[in-house]
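Each remark here refers to the structure printed beneath this line.
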Amino acid sequence: MRHSFRFAVLFLGVLLVAPASALAARVDTVVKLVEDGKHEDARKKCERWEAWLPGEEPGLRVACARAFWPVANRTDTVAAWAAYRQRWKDTPHGRQAREREAEAGLRAMPTRVSEDALLAFARKYDETTAADEALAAARDAAVRDAQSPAEATAVAIRYPGHAGLPKLVARYPEGFLKVTVDGHEVTVTLDPHVDLPPEYAPRVRWVARDDNRVHGDWAEVAKSELMAAGLPLAAIPTPSRDGPGLPVCVVPGKGDNFRASVLVEVGDGTVFSDVPWDAGCGFDSWPSFLAVSGGRVSSLSLGPGHRVDLGHMTDDLRVDRATQLAGLSRGAGLLDDQRVFERGTRAWLVHAVSGGAPWLSALGPGEGAVPLDASFRGPAMPRGWRAASEGDVGQRIYSSSVGADQPAWRIGHGEIRVVPPLTQAVLGLGLGNATPKGPKTPALTASSGFSQSPNGLVEPRPPRGGSVAGLYSVDVGDIQALSDQLAAVGVADLEILDAWRCDLDQDKVPETLVRARRQGEGMAFILDPHRKNAPRIFPFRTPRVRLGDATAPTPFAFRVNDRTYLAWGHVQQTESTAWNSTLTALRADGDSYALDTIVLPGSTPLPTPPP
């Protein structure tokens, strides 16, 4: 019906310009026969009048083109429509036949046609409905036929926004996904960009894998390794939702190909991005060692020159004094937040993992503290490493891979256990933990430039190049409060001589020095207000808190090279013409404090105080 209406309009236009002649009668005859359905008779008339010739009257050619239309329509093939267009190309039906030829050609194509063939078809039949359909089919074919990541990304660039691109990304994610890992933060972008619906949104997992398979999520694999190393479940941190969940460290015994990777999933597609080991957790990281004796960890060494002895396993006078005051049990220490807590009768003896003097505290460890007992297991000694006895001092652990200028690992007696990198990272027992967080103030020496009076006593003023620091005496009314704090950690029967406040560690909260006598023995205590009403108490044994029958001279505080010291002098007549002079100096020592006794020039060394 549409074709008849279009033909009628065009035909009337021709009649308006055609002369009223015999030609008009021919046109009218053909039109009348076509309208009566007598197409065969109309075609015979057109053949006899040679209307198919290009030079014939346009009106007659239009009418005859309509008469021949059913023939091509009945066959409806590319060849039939091509022949029709050849004869009637300058008529409206001839131009419409191109659309029908394109439809027949598209219909005749096989089920699977390449992008190139469809694009060639669209170019041949441009400006037809079939060409538009061919272009759409070409886009589908390109998505369907992509055989590599490079081909897939090229298709996405040619056909942005195509509905099939999300599936193409899932087929070849390595061609699209750009995975960036910065520490434990993962960023996933698509290049070229493709808008992905929610069901194709990238999903990120941290996994443990080797060349053959994925062993599981990194957090679960790491958790299993930590439990196998003897860590109780309560001591293993709850894996975070973001990132790997637990530190990314070498796992001994898994082989060189075992590694951590970021796995990104899009649909059913996956892409891996291997990630480096965390700092200090790789194959080249240095080991840490524990010594186990009597069913408990008695000593630890986190690196060359580092050693921490626990409980009674030491001959350090400072530690012995703290040990005696705490009345330690023989139970295993508890590791919590890079501190080892040993239980005493009235208090805890606490060691910083980084080293330094231990302290007494009324506060114990948290609920997740790790017992340092014999259940703490580790891998075999690394290849090339050896342990040798150093007599009463302990053991020396060394490796040919460590330079000759590096000191060896030194540790107490006992069975040596290796702390693997993953355990180091979780418990804070790696080389990086051997360095204290607080300021490590250098020790002074006899040549530091102190002035001495004629009798040898150190004059209470800063040494050469130093400056005065703040020092405040504690009021008599506050002495009882200090006595109560010391009693809370088991230090009783104490005669407090005096007390002073000075900010030794430069944290803007002053520490308190208490000089006292206990059972006839001189002692100095540093009370560090680490927590309100529960200070860290550092006990030091020193006979130089008295000078004859009087308290030792008033201490003086000073700064040298931006570090603070608190010191006092002491002089002792040894015979009528001989004397010795010393300086007792307190200083911050990383996460702890230190007390140094400096023998000054012109004096004779004092004998070692009796135990």
inquiry  = For the list (1) modelled with pLDDT of 90 or more; (2) closer than 19 Å to ARG559 by Cβ; (3) open to solvent by less than 60 Å² (accessible area, probe 1.4 Å), I need the number of the one condition that ARG501 fails.
reply    = (3)
key: Single residue of segment 95-118 satisfying the filter (surrounded by fewer than 18 Cβ atoms within 10 Å (Cβ to Cβ) and not in a loop (DSSP other than H, G, I, E, B)) that is farthest from the chain's Cα centre (by Cα)   = ARG95
message = Among (1) in contact with a Cys (Cβ under 8 Å, 6 or more places away or on another chain); (2) modelled with pLDDT under 90; (3) among the polar types (S, T, N, Q), there is one condition SER581 misses while meeting the rest; what is its number?
response = (1)
message = Can you find a residue that is of a type in the set (Asp, Glu) and crowded, with 19+ Cβ neighbours inside 10 Å anywhere in segment 289-309?
response = yes
ask   = Looking at ALA137, ALA142, which one is open to solvent by less than 20 Å² (accessible area, probe 1.4 Å) and closer than 25 Å to VAL194 by Cβ?
value = ALA142
Residue within segment 244-251 that is surrounded by fewer than 21 Cβ atoms within 10 Å (Cβ to Cβ), of a type outside the set (A, V, I, L, M, F, W, C) and within 16 Å of VAL181 (Cβ to Cβ) present = yes
remark   = Exception for ILE496 within (1) surrounded by fewer than 11 Cβ atoms within 10 Å (Cβ to Cβ); (2) modelled with pLDDT of 90 or more falls at (1)
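Pull up segment 491-536, narrow it to residues that are of a type in the set (S, T, N, Q) and part of a loop (DSSP other than H, G, I, E, B), then point me to the one that is nearest to the chain's Cα centre (by Cα). Walk me through how you get there before you give the answer.
Quick first cut of segment 491-536, residues of a type in the set (S, T, N, Q) only: 506, 512, 519, 533.
If we keep only those that are part of a loop (DSSP other than H, G, I, E, B) as well, we get 506, 519, 533.
Details: GLN506: 32, GLN519: 55, ASN533: 37 Å.
If we take residues in segment 491-536 being of a type in the set (S, T, N, Q) and part of a loop (DSSP other than H, G, I, E, B), then GLN506 is nearest to the chain's Cα centre (by Cα).
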task = Name every residue in segment 145-178 that is under 18 Å from GLU199 (Cβ atoms) and either among the aromatic types (Phe, Trp, Tyr) or touching a helix residue (DSSP H, G or I) at 6+ places or on another chain (Cβ under 6 Å) (or both), in order of residue number.
result = HIS162, GLY164, LEU165, PRO166, LEU168, VAL169, TYR172, PHE176
query = Of the residues GLY432, GLY477, GLY438, which is surrounded by 13 or more Cβ atoms within 10 Å (Cβ to Cβ) and either on the phi > 0 side of the Ramachandran plot or out of contact with any strand residue (DSSP E or B) (no Cβ under 9 Å at 6 or more places or on another chain) (or both)?
reply = GLY432
inquiry  = Please go through (1) surrounded by fewer than 16 Cβ atoms within 10 Å (Cβ to Cβ); (2) hydroxyl-bearing (Ser, Thr, Tyr); (3) more than 30 Å from ARG26 (Cα to Cα) for THR75 and return the number of the only condition it doesn't satisfy.
reply    = (3)
query = List, please: which pairs have Cβ atoms under 7 Å, are six or more places apart or on different chains, and start with a residue in segment 449-470 that is under 18 Å from GLN506 (Cβ atoms) and open to solvent by less than 60 Å² (accessible area, probe 1.4 Å) and end with one that is of a type in the set (A, V, I, L, M) and at pLDDT 90 or above?
reply = PRO462/VAL468; GLY466/VAL560; ALA469/ALA557; GLY470/ALA557
inquiry  = Of everything in segment 383-431, what is modelled with pLDDT of 90 or more, closer than 25 Å to SER592 by Cα and of a type in the set (Gly, Ala, Ser)? Give them in sequence order.
reply    = GLY394, GLY412, ALA425, GLY428, GLY430
query = In segment 1-51, which residues are at pLDDT 50 or above and β-branched (Val, Ile, Thr)?
reply = VAL27, THR29, VAL30, VAL31, VAL34
remark   = For segment 485-507, pairs from a residue that is in contact (Cβ under 8 Å) with a residue 12 or more places away in the chain to a residue that is in a strand (DSSP E or B) and small (Gly, Ala, Ser), with Cβ under 6 Å and 6 or more apart or across chains, are LEU494/ALA516; GLU495/ALA516; ILE496/ALA516; LEU497/ALA516; TRP500/SER473; CYS502/ALA557; LEU504/ALA588; ASP505/ALA588
ARG139 under 30 Å from GLU47 (Cβ atoms) and either at pLDDT 95 or above or in a helix (DSSP H, G or I) (or both) = no
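The values are calculated or read from the model by the stated rules, or taken from the named source; none is laboratory data. Just so it is clear, the structure is predicted and the values come from calculations on it, not from any experiment. Cβ: placed from backbone, ideal geometry, glycine included. Neighbour counts: every protein chain shown. Areas reflect the complete protein model, heavy atoms only, side chains present, ligands, DNA and RNA absent. Shrake-Rupley method; radii C 1.70, N 1.55, O 1.52, S 1.80 Å.
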